[in-house]
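Each remark here refers to the structure printed beneath this line.
The values are calculated or read from the model by the stated rules, or taken from the named source; none is laboratory data. From a predicted model like this one, the values you see are computed outputs, not experimental measurements. Neighbour counts are summed over all protein chains in view; Cβ atoms, including those assigned to glycine, are modelled from backbone coordinates with ideal geometry. Side chains are part of the model used for accessible areas, which takes the heavy atoms of the whole protein and leaves out ligands, DNA and RNA. Shrake-Rupley method; radii C 1.70, N 1.55, O 1.52, S 1.80 Å.
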Amino acid sequence: MAGGFKVLDEFFDDSLDLPVKCRDGQVRTFHIPGPSAEDGLKVEKLMELLFRAVADPDAEPDATALDDLGELHLYEAALGPAYAEVEANLDFPRFKLVAITAALWISQGREAAEAFWNAGGDPSQVGPANREERRASSRAAKSTPTRASRSGTSTPPATVRARKATRT
C-alpha cells in the first residue's frame, strides 16, 4: 500500500488508562474506552457549557445542564462502561478526578487530560506552570514590537503633512 491512509488502529489510541490508589489501598488502573458518538457529543456539549461558566462567572449558566443531574450524566458518559467499577472503588474526590480527566480527554484531547491529571485536578496548575512563567509570558508579549502598517505603506508624521498642506 503506497501512500494513502494508514489503518486507524495502527496509530490511534482510543482509550485512557488511569492508575489510582483505591479505598482498599491497592493501585488499580482503570481502563476507560472511547465513548460512543452520542456520549462523546454529550460530553463535549457539557464541557463547553462548563468552560463558558468558568470563563464568565457573571453569565447566566444553563441550570439544567450544570446541575447535579447534569454532572452525573457527564460522569456516566465520560466513563462509559468503567463507571460502575470506578464508582465502586473510589471515594468521591478521586472518582470526580477520574471522571473529569476522562471528560477532558474526550473534549480537549490527551495532553489537556494529562496536564489536568498530573496537576491533581487543580486547574490553576494547568497552563503556564507557575506565576513566574505567566509573568515572563506576559512580559514577552508586551515587549514584542508591533508593526506600524500591515499593508507596507506608512503615514507621514503630522508635522510633515502640515508642512505639505501649507505649501499648496
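Being modelled with pLDDT of 80 or more and of a type in the set (Phe, Trp, Tyr) narrows it down to one residue among 30, 11; which is it? Lay out the reasoning, then the answer.
Numbers: 11 fails: modelled with pLDDT of 80 or more.
Answer to the selection: 30.
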### Task
Pairs only if they're at least six apart or on different chains, beta carbon under 7 angstrom, first in the range 35-61 and farther than 10 Å from residue 103 by Cβ and modelled with pLDDT under 95, second assigned to a loop (DSSP other than H, G, I, E, B) and among the acidic types (Asp, Glu); list them, first residue then second.
49/62
### Message
Of the residues 82, 99, 115, 77, only one is touching a strand residue (DSSP E or B) at 6+ places or on another chain (Cβ under 6 Å) and either buried (at least 17 other Cβ atoms within 10 Å of the Cβ) or among the β-branched types (Val, Ile, Thr) (or both); which?
### Response
82
### Task
Would you mind telling me which numbered condition in (1) under 22 Å from the mean Cα position of the chain (by Cα); (2) surrounded by 12 or more Cβ atoms within 10 Å (Cβ to Cβ) residue 21 fails?
(1)
### Message
Checking residue 35 against (1) part of a loop (DSSP other than H, G, I, E, B); (2) under 21 Å from residue 112 (Cβ atoms); (3) open to solvent by 60 Å² or more (accessible area, probe 1.4 Å); (4) not charged (D, E, K, R): exactly one of these is not met. Which one?
### Response
(3)
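Which of the residues spanning the range 1-12 are open to solvent by less than 90 Å² (accessible area, probe 1.4 Å) and acidic (Asp, Glu)? Show your work before the answer.
Filtering the range 1-12 for residues open to solvent by less than 90 Å² (accessible area, probe 1.4 Å) gives 3-4, 7.
Once the filter is applied, which keeps residues that are open to solvent by less than 90 Å² (accessible area, probe 1.4 Å) and acidic (Asp, Glu), the range 1-12 yields nothing.
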### Task
State all residues of the range 85-96 that are touching a residue at least 24 places away in the same chain (Cβ under 8 Å) and crowded, with 16+ Cβ neighbours inside 10 Å; if no residue qualifies, say none.
86, 89, 90, 94
### Message
Go through (1) modelled with pLDDT under 65; (2) open to solvent by 90 Å² or more (accessible area, probe 1.4 Å); (3) within 20 Å of the chain's Cα centre (by Cα) for residue 65 and report which single condition fails.
### Response
(2)
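Working carefully through the options 82, 112, find the one that is modelled with pLDDT under 95, part of a helix (DSSP H, G or I) and within 24 Å of the chain's Cα centre (by Cα). Steps first, please.
Values: 82 fails: modelled with pLDDT under 95.
Going through 82, 112 in turn, the sole match is 112.
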